[in-house]
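One structure is given here, and the rest of the page talks about it.
The values are calculated or read from the model by the stated rules, or taken from the named source; none is laboratory data. From a predicted model like this one, the values you see are computed outputs, not experimental measurements. FYI the Cβ positions are ideal-geometry reconstructions off the backbone, even for glycines, and counts take in every protein chain you see.
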Amino acid sequence: MLSVSNLHAFYGKSHVLHGVNLFVGRGEIVSLLGRNGVGRSTTIKAIMGLVSARGTVAFQGRDDLVGLKPHEIALRGLGYVPEDRAIFPDITVRENLLLGSKGRQATPRWTMDDMFALFPRLEERADTAAGVLSGGEQQMLTLCRTLIGDPDLIMIDEPTEGLAPLIVGQVAELLREIKRRGVSILLVEQKLAIALDISDRVYVMGHGAVVFEGTPAQLRENDRVRKEWLAV
Amino acid sequence: MEFFLVSLLNGVSYGLLLFMLSSGLTLIFSMMGVLNFAHASFYMLGAYFAYQISTAVGFWPALVLAPLLVGVVGGAIERYGLRRVHRYGHVPELLFTFGLAYLIEEVVHLIWGRIAVDYRIPEALDFGAFQVFDSLYPAYRVFMMAVSIAMLGALYWTLTRTRIGLIIRAALTHADMVQALGHNVPRVFMLVFGGGCALAALAGVIGGNAFVTEPAMAAAVGSIVFVVIVVGGLGSLAGAFIASLAIGVIQTFAVALDWSLLDTFREVGWTGEAARAIGTIKLSQFAPVLPYILMVLILIFRPRGLLGRRDT
């Protein structure tokens, strides 16, 4: 479904991704693991067209994503949830959600009512400015805002960062629900336990390239990779 | 009392005109991070285009056509000029708009000459609208206020009730995220830039004949508009509105008053040479500097402006 080959990315003159290769199948949850600064966030930003990149990114049978603008990539059916959440603080929760909707398909997988049913808290605060929500509520809002645009694959950067354990559980549950509705997920996650628990496959990154790929079970058994690339 | 009412009305109509200019400038700045030095040049272009069109087909078509034409010119400048310069950062963008202001001025010199053109108030509006004590208040001033208020309403409606308004308000904080949600943000930038230029041109159409249409008009109003957006708080539309009205009223009153400090100095017993030199300056002579003094005071005591945010 999403296939990335030999992806290089640059911030100005510094070369941060050195030929990343990865693949996400239909309905799969795939995690990108690794320490801070190894290029996980940059990888999904490069796929989304938010940093300048070279290489090949193919999605749903078309391999011309590199060079497209972010809104063109979004309209192809890729969703992106950034690490800093980037909610729009001065407009209401409902307006934030409306901005996510693209009207791309007549019968989208997710409606505003679905979101409110999943997170009643968002409905209660639908008409307040999004800037006053708590961190957990903002995380739900940013996930829902991207989902309402009905992506076929969603890339999520550190969804559980800075959240209370109870909310972390809710996020994990939402990720499973996303998969149940047939949406693929490419996840950047710091919390190894959650990533291994919900992922179908994982990639470990180091120094701007993929250094391990396999199933969660294979990674659990591989002490060398865990020590060298994941232990803090 | 008569003086007070007439000056207040004139001040408000001038202030609304300033807001028509500053609203576009502040929207462009907060969305795109570009301080458009050429903004007042579009005000001038509006006046000259309206003059040219009105000599051919009259004032009313000019009122609609001139802002539209300037809006198209502005949009094209964003699309084919500013957008290409954008990737090199803010300083080249500033230089680009700076050069653009000179370019527009030279083009105006070439086509319409260096002296003022005969752009007049339409006859249909050249009468006294209502009595203020002993004098008649000009209908054209009332018309200016009506156009400004209609524009204000249209701008508010567009920003709060339409989808593009929603996209603009969201892009003020996270333009990248708006684009990642599938909205064509570069196109919205072009529309906002063109729209801002069209608003400035509309101010030129209705202000050019009330005041003077000449090549120096851009420079004269340009610096005042910068004062407005700094005093109001960079990026704040409500702040720009309050500052526009305040500066419009302050300047109109100051120009009309011939108070001086001579009597005050005499009362406190200061009658030296210096007192006479300072005291004989009239407030009306002082008027052009007042907005800048206000700006300096704001920068000292409230650097983010009246309604600006700390981080902007």
Number of the exception - residue B:61 against (1) closer than 30 Å to residue B:257 by Cα; (2) at pLDDT 95 or above | (1)
Please work out which residue is surrounded by the most Cβ atoms within 10 Å (Cβ to Cβ), limiting yourself to the range B:109-137 and to residues that are touching a strand residue (DSSP E or B) at 6+ places or on another chain (Cβ under 9 Å) and farther than 29 Å from residue B:216 by Cβ.
-> B:129
Got at least one residue in the range B:153-162 being touching a helix residue (DSSP H, G or I) at 6+ places or on another chain (Cβ under 7 Å), within 12 Å of another protein chain (Cβ to nearest Cβ) and surrounded by fewer than 21 Cβ atoms within 10 Å (Cβ to Cβ)?
-> yes
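Every residue, every condition in (1) away from chain B (no Cβ under 14 Å); (2) more than 18 Å from residue A:173 (Cβ to Cβ); (3) out of contact with any Asp or Glu (no Cβ under 6 Å at 6 or more places or on another chain); (4) of a type in the set (Lys, Arg), yes or no:
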residue: A:84; (1), (2), (3), (4): no, yes, yes, no
residue: A:90; (1), (2), (3), (4): no, yes, yes, no
residue: A:99; (1), (2), (3), (4): no, yes, yes, no
residue: A:107; (1), (2), (3), (4): yes, yes, yes, no
residue: A:144; (1), (2), (3), (4): no, no, yes, no
Are any residues in the range B:173-184 in contact (Cβ under 8 Å) with a residue 12 or more places away in the chain and facing chain A (nearest Cβ under 7 Å), and if so, which ones?
-> B:183
Residue hits (the range A:13-68; in contact with a helix residue (DSSP H, G or I) (Cβ under 7 Å, 6 or more places away or on another chain) and farther than 21 Å from residue A:189 by Cα) are A:53, A:57, A:65
Considering only the range A:88-105, state which residues are assigned to a loop (DSSP other than H, G, I, E, B) and crowded, with 23+ Cβ neighbours inside 10 Å.
-> A:88
Those residues of the range B:63-108 which are farther than 25 Å from residue B:214 by Cα, hydrophobic (A, V, I, L, M, F, W, C) and surrounded by 12 or more Cβ atoms within 10 Å (Cβ to Cβ), in sequence order = B:82, B:85
For the range B:12-59, the count of residues that are closer than 19 Å to residue B:149 by Cβ and in contact with an Asp or Glu (Cβ under 7 Å, 6 or more places away or on another chain) equals 0
How many residues does the range A:33-61 hold that are crowded, with 23+ Cβ neighbours inside 10 Å and either assigned to a strand (DSSP E or B) or within 13 Å of chain B (Cβ to nearest Cβ) (or both)?
-> 9
